[in-house]
1. Give me the percent of accessible area attributable to carbon and sulfur for the stretch 1-109, probe 1.4 angstrom.
2. What's the magnitude of the charge dipole for the chain around its Cα centre, counting Lys and Arg as +1 and Asp and Glu as -1 at the beta-carbon? Answer in Debye, nearest 20.
3. Where Lys and Arg each count +1 and Asp and Glu each count -1, what net charge lies around A21 among other residues with Cβ under 12 Å from its Cβ?
4. With an 8 Å cut-off on Cα pairs and a minimum separation of 6 or more residues, tell me the relative contact order of the chain in percent.
5. Mind checking the dipole of the stretch 310-370: about its Cα centre, +1 per Lys or Arg Cβ, -1 per Asp or Glu Cβ, Debye to the nearest 20?
6. Could you tell me how far the Cα centroid of the stretch 305-370 sits from the Cα centroid of the stretch 40-57, in Å?
7. Around A181, which amide H atoms from residues at least 5 apart in sequence, or from another chain, sit under 5 Å from its own amide H, with H modelled in the peptide plane?
8. Please list, ordered by chain and number, the residues whose modelled amide H lies under 5 Å from the amide H of S344; skip anything fewer than 5 residues away on the same chain.
Amino acid sequence: MRDVVREVDVAIIGGGQAGLATGYYLRRAGLVPGENFVILDAGDGPGGAWPRMWDGLRLFSPASFSSLPGLMMPPWNDAALGFPPRQHVVDYLAAYESRYELRPLRPHRVTRVQRVDDDPRGRVLVSAAGLDVHARVVVSATGTWDQPFWPRYPAMETFAGEQLHAANYRNPDKLAERRVAVVGGGNSAAQILAEVSEVAETFWFTLRPPRFLPDDIDGRVLFAEATQRVRALQEGREHAGVAGLGDIVMVPTVRRARDRGALQARPMFDRLTRDGVAWADGNTEAVDTIIWCTGFRPTLRHLAPLGLRGREGRIATSGPSGTQAVGEPRLFLVGYGDWTGAASATLLGVGRTAGRTVAAINERLSLAGP
């Protein structure tokens with residue numbers, strides 16, 4: 001038997017930072033959680049994807065610069081560890097949804113979003129295990145963590161060791177005394193390499209030489225650069241944005257790894273072997289474990305029935321908010337990165353995007369009538 005929730009104004013898919021920020025603005029606009037809008041979350045508890053990230057993950061900014069709208073993140077003052085850890089963020093998001101009584105419905109993983117009829121002012125059916133919701137507007141805020149990207153290299157299937165993605169890595173405890181390859185040139189690779197190199201022999205492989213930010217640059221500077229880039233592009237000026245500064249934020253654990261010589265990147269290998277990796281020139285390196293820190297793709301499978309995805313796997317967005325789907329005006333996408341709003345995949349940046357999105361949703365609801 002299915003529990004059917006009918007005729008809400010807005011259904012938000014995802015109870016992480018993007019979904020909560022959107023819910024906050026809807027509530028501030030006068031919509032009542034559980035009556036006028038619902039948040040559907042696939043997780044067992046609060047925090048979005050944060051509870052499933054690796055134990056030692058650190059933010060790039062202080063707590064005061066990592067907050068959602070309406071509630072500051074509590075301070076984190078452990079100078080030795082640097083910026084707030086993963087669990088601090090989980091606790092904050094739990095407090096946030098409780099403070100604003102957003103009451104996400106969980107665990108309900110949405111499997112399909114589909115049109116009920118051809119009326120553009122009609123409702124959309126949102127289907128999850130044990131739950132159907134009919135909504136006038138749908139906000140997809142599922143992020144990327146559930147869609148890890150695995151590159152393809154020859155002989156991956158013949159490698160006799162262990163292969164992990166950053167999405168599956170939790171801590172270095174089981175890797176002690178192994179030979180571990182870390183693949184990727186971004187922040188995830190650097191942070192994971194830093195802690196694994198304390199217990200294992202590590203090898204770092206990147207497609208291009210890693211670009212380290214200066215030690216005094218953190219998420220505050222990156223957010224400012226992203227904002228300046230948006231303004232520059234709106235004015236028709238060129239701006240490199242954060243890409244012009246570098247790729248890796250030097251949080252304390254990464255700095256310590258650098259100081260003990262653990263951040264020595266090697267050119268990317270060409271294929272795997274049964275016992276390790278190999279290059280076209282015949283050189284090889286034996287490894288026991290490979291951790292692929294190769295990024296993520298937007299989690300959009302639930303939107304497939306709408307037929308909106310383009311060649312790059314994204315859904316084109318436009319409108320004043322920049323988050324309204326071009327091919328389906330009842331759908332908005334929040335928190336997937338720069339293509340749905342500058343810095344919208346960050347705790348601080350998503351609030352700005354969510355605010356613009358709710359303004360557009362309110363206008364649409366007013367035009368649609370009761």
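1. After summing per-atom areas, the C and S share lands at 52 percent.
2. Details: 43 positive and 40 negative charges, 145 e Å.
Roughly 700 debye for the chain.
3. Taking every other residue near A21 into account, the sum is +3.
4. Working: 779 pairs, mean separation 79.8, N = 370.
It comes to 22 percent, rounded to a whole number.
5. Values: 6 positive and 4 negative charges, 6 e Å.
Dipole of the stretch 310-370, to the nearest 20 debye: 20 debye.
6. 23 Å
7. F203, D288, T289, I290, I291
8. Those qualifying (amide H under 5 Å, at least 5 residues apart or on another chain) are G337, D338.
The values are calculated or read from the model by the stated rules, or taken from the named source; none is laboratory data. Note that the coordinates shown come from a computational prediction; the quantities given were computed from them, not determined experimentally. We place every Cβ from the backbone using ideal geometry, glycine too, and count neighbours over all the protein chains shown. In case anyone asks, the SASA skips ligands and DNA or RNA and just uses the protein heavy atoms, side chains included. Shrake-Rupley method; radii C 1.70, N 1.55, O 1.52, S 1.80 Å.
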